[in-house]
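One structure is given here, and the rest of the page talks about it.
The values are calculated or read from the model by the stated rules, or taken from the named source; none is laboratory data. Keep in mind that this is a model prediction, so the values were computed, not measured. In this analysis, Cβ positions are derived from the backbone assuming ideal geometry, glycine residues included, and neighbour counts consider all displayed protein chains.
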Amino acid sequence: MSAPKKLFIKTYGCQMNVYDSERMAEALGGEGYVETKSADDADMILLNTCHIREKAAEKVYSELGRFKGLKAEKPDLKIGVAGCVAQAEGEEIMRRQPLVDLVVGPQSYHRLPEMEAKTRAGQKVLDTDFPEEDKFEKLKNRPKAKRGPTAFLTVQEGCDKFCAFCVVPYTRGAEVSRPADRILREAQDLVERGVREITLLGQNVNAYHGAGPNGDLTLAQLIWELDKIDGLERIRFTTSHPNDMQDDLIEAHGTCAKLMPYLHLPVQAGSDKILKRMNRSHTAESYIRLIERIRAARSDILISGDFIVGFPEETEEDFQATMDLVEEVKYGTAYSFKYSTRPGTPAAERPQVDPAAADDRLQRLQALLTRQQREVQDGMVGREVGVLFEKTGRLPGQMVGKSDYLHAVHVADCNRDAGELARVRIVSSGANSLAGELIG
Ligand code: 5AD
Ligand code: SF4
């Protein structure tokens with residue numbers, strides 16, 4: 001028997017790309033590939049790219065350039081570009097970088113085995129179509145390897161919101177939901193393989209409306225179906241648009257014990273003028289009212305968000321409105337970015353903010369968000385939380401896991417295994433994690 005071929009995948013960007021990379025590895029696993037952690041001994045290299053922020057395409061070209069020597073040594077090495085840069089740049093990648101054998105968009109991963117065979121026959125392959133079929137359905141039925149305690153599960157892809165700064169509607173296409181029965185089967189399978197916590201993924205996940213036996217299901221209805229799976233202990237979802245936060249989902253946060261008290265709800269900015277220009281179709285006020293309703297359903301929920309500073313035409317006053325909104329909401333964690341132009345999006349054509357002013361605003365916003373994050377984390381001391389253990393810690397006998405609120409928690413002298421859920425009392429708060437002790 002010949003030695004297995006080796007596959008090296010480098011994943012950039014969001015959790016959906018992590019999920020997609022796993023599926024690509026499984027698809028090529030069926031063709032005799034095993035994963036390797038080093039590009040040097042690979043027979044195939046895939047870059048699973050992200051196009052959401054900052055010179056993404058340039059980074060991909062410079063990364064590809066680094067494989068030149070490797071390809072010269074190993075002419076049989078196949079190099080592919082997947083993900084959103086592949087979708088956005090397509091033929092341009094093939095033209096600019098002759099090293100590339102394969103360009104595959106996010107909707108075509110199930111066709112990777114055929115594509116790989118074509119590259120082995122010396123062909124160049126480009127597939128950036130948006131086919132109708134469910135790629136994940138075609139990617140299933142691989143050997144049932146044991147899994148860690150947490151997993152991602154894509155339930156929805158694409159976005160119809162067209163925020164003026166965002167490339168996702170162009171690279172991932174229109175919003176599509178997977179049928180509920182397929183998601184439930186995949187979740188059941190994950191649980192049988194050891195998974196205890198599932199994070200449902202979608203670019204706009206709370207717009208989920210997948211087909212069920214009696215019509216479409218909302219995300220909340222899907223969560224209630226998942227709630228019935230024995231052995232599944234925790235459910236999370238990400239990421240959401242404020243306008244798609246439906247009543248039944250808010251209610252589920254108060255009534256579904258498996259749904260964790262953590263919500264990533266990006267607002268992007270606090271000025272109504274900027275929100276309008278971003279095409280966000282909500283106001284600062286409507287967002288704050290929404291957070292209040294969510295907190296009325298689940299008072300301890302940890303709110304997380306995304307922010308963009310320096311969006312075209314943002315004034316100091318607009319930026320202050322963002323700071324005011326942050327003060328009011330009090331975020332448990334957040335991601336903040338300086339606006340960067342994405343060619344082809346509406347905002348790319350508009351007058352840009354002075355980069356030095358944008359840098360300064362980003363620093364001030366991050367200082368505030370970091371302070372809030374620390375306050376929320378410190379506020380956990382003395383509280384009892386659930387912790388799902390994921391792995392052993394650095395010290396002997398120590399275990400590390402995530403709290404219900406997604407804080408990293410380590411517990412000393414812990415006679416528990418990965419995959420166990422325990423009640424833990426938080427005893428101290430460090431720079432990036434909490435320390436706790438088992439209760440009982
Ligand atoms: N510039 C800066 N940040 C962006 N994001 C999306 N597009 C851009 C852009 N062009 C941020 C948004 C989004 C997160 C995933 O990335 O905050 O919520
Ligand atoms: Fe992009 Fe999110 Fe806006 Fe959709 S809702 S366009 S994914 S920022």
Report task. Examine segment 153-164 for a residue that is away from ligand 2 (no atom under 16 Å from the Cβ) and over 22 Å from the mean Cα position of the chain (by Cα), and state whether such a residue exists. Result -> no
Report summary line: A careful count of residues in segment 257-274 that are more than 16 Å from residue 302 (Cβ to Cβ), aliphatic (A, V, I, L, M) and in contact with a strand residue (DSSP E or B) (Cβ under 7 Å, 6 or more places away or on another chain) gives 1
Requested in this report: Run residue 392 past the list (1) among the β-branched types (Val, Ile, Thr); (2) within 16 Å of ligand 1 (Cβ to nearest atom); (3) within 30 Å of residue 440 (Cβ to Cβ) and report the number of the one that doesn't hold.
Outcome: (2)
**Report entry** Test result for residue 131, in contact (Cβ under 8 Å) with a residue 24 or more places away in the chain, surrounded by fewer than 20 Cβ atoms within 10 Å (Cβ to Cβ) and under 29 Å from residue 344 (Cβ atoms)
**Finding:** yes
**Report entry** Residue list for segment 399-424, restricted to those being over 25 Å from residue 191 (Cβ atoms) and surrounded by 15 or more Cβ atoms within 10 Å (Cβ to Cβ)
**Finding:** 410, 412
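The rows are residues; the columns are (1) crowded, with 18+ Cβ neighbours inside 10 Å; (2) modelled with pLDDT under 95; (3) touching a Cys at 6+ places or on another chain (Cβ under 7 Å).
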residue: 124; (1), (2), (3): no, yes, no
residue: 168; (1), (2), (3): yes, yes, yes
residue: 188; (1), (2), (3): no, no, no
residue: 201; (1), (2), (3): yes, no, no
**Report entry** All helices (runs of 4 or more DSSP H) inside segment 245-350 with 2 or more residues being on the phi > 0 side of the Ramachandran plot and surrounded by fewer than 19 Cβ atoms within 10 Å (Cβ to Cβ)
**Finding:** none
Requested in this report: Enumerate the pairs (first residue in segment 266-285 and of a type in the set (Ser, Thr, Tyr); second residue anywhere and surrounded by fewer than 24 Cβ atoms within 10 Å (Cβ to Cβ)) with beta-carbon separation below 6 Å, excluding pairs fewer than 6 apart on the same chain, so at least 6 apart or on different chains.
Outcome: 271/318; 271/321; 281/243; 283/272
Requested in this report: Select from segment 344-373 the residues that are aliphatic (A, V, I, L, M) and in contact with a Pro (Cβ under 6 Å, 6 or more places away or on another chain) and list them in ascending order.
Outcome: 347
Query raised in the report: Which residue pairs have Cβ atoms closer than 6 Å, lie 6 or more positions apart in sequence or on different chains, and pair a first residue in segment 50-65 that is within 16 Å of ligand 1 (Cβ to nearest atom) and in a helix (DSSP H, G or I) with a second residue that is at pLDDT 90 or above and not β-branched (Val, Ile, Thr)?
Result: none
Query raised in the report: Residues of segment 171-221 being more than 18 Å from the chain's Cα centre (by Cα), in a strand (DSSP E or B) and under 27 Å from residue 50 (Cβ atoms), which ones?
Result: none
Query - Complete set of residues in segment 336-352 that are among the small types (Gly, Ala, Ser) and within 12 Å of ligand 2 (Cβ to nearest atom) - result: 347
Query raised in the report: Can you name the residue in segment 228-244 that is of a type in the set (Val, Ile, Thr) and in a strand (DSSP E or B) and is also nearest to ligand 2 (Cβ to nearest atom) among such residues?
Result: 238
Requested in this report: Please work out if residue 88 is at pLDDT 90 or above and hydrophobic (A, V, I, L, M, F, W, C).
Outcome: no
Report task. Tell me which residues, restricted to segment 412-433, are of a type outside the set (Gly, Ala, Ser) and closer than 20 Å to residue 234 by Cα. Result -> 416, 417, 420, 421, 423, 424, 425, 426
Query raised in the report: Here are 196, 234, 178, 182: which of them is within 24 Å of residue 14 (Cα to Cα), more than 16 Å from ligand 1 (Cβ to nearest atom) and either surrounded by fewer than 19 Cβ atoms within 10 Å (Cβ to Cβ) or among the aromatic types (Phe, Trp, Tyr) (or both)?
Result: 182
Query raised in the report: Where in segment 74-166 are there strands (runs of 3 or more DSSP E), lying fully within it, with 1 or more residues that are of a type in the set (Asp, Glu) and away from ligand 1 (no atom under 16 Å from the Cβ)?
Result: 125-127
Requested in this report: May I ask you to list the residues in segment 295-312 that are farther than 21 Å from residue 163 by Cβ and among the hydrophobic types (A, V, I, L, M, F, W, C)?
Outcome: 296, 297, 301, 302
Query raised in the report: Given the residues 244, 300, 306, 318, which is the only one that is in contact (Cβ under 8 Å) with a residue 24 or more places away in the chain, touching a Lys or Arg at 6+ places or on another chain (Cβ under 8 Å) and among the acidic types (Asp, Glu)?
Result: 318
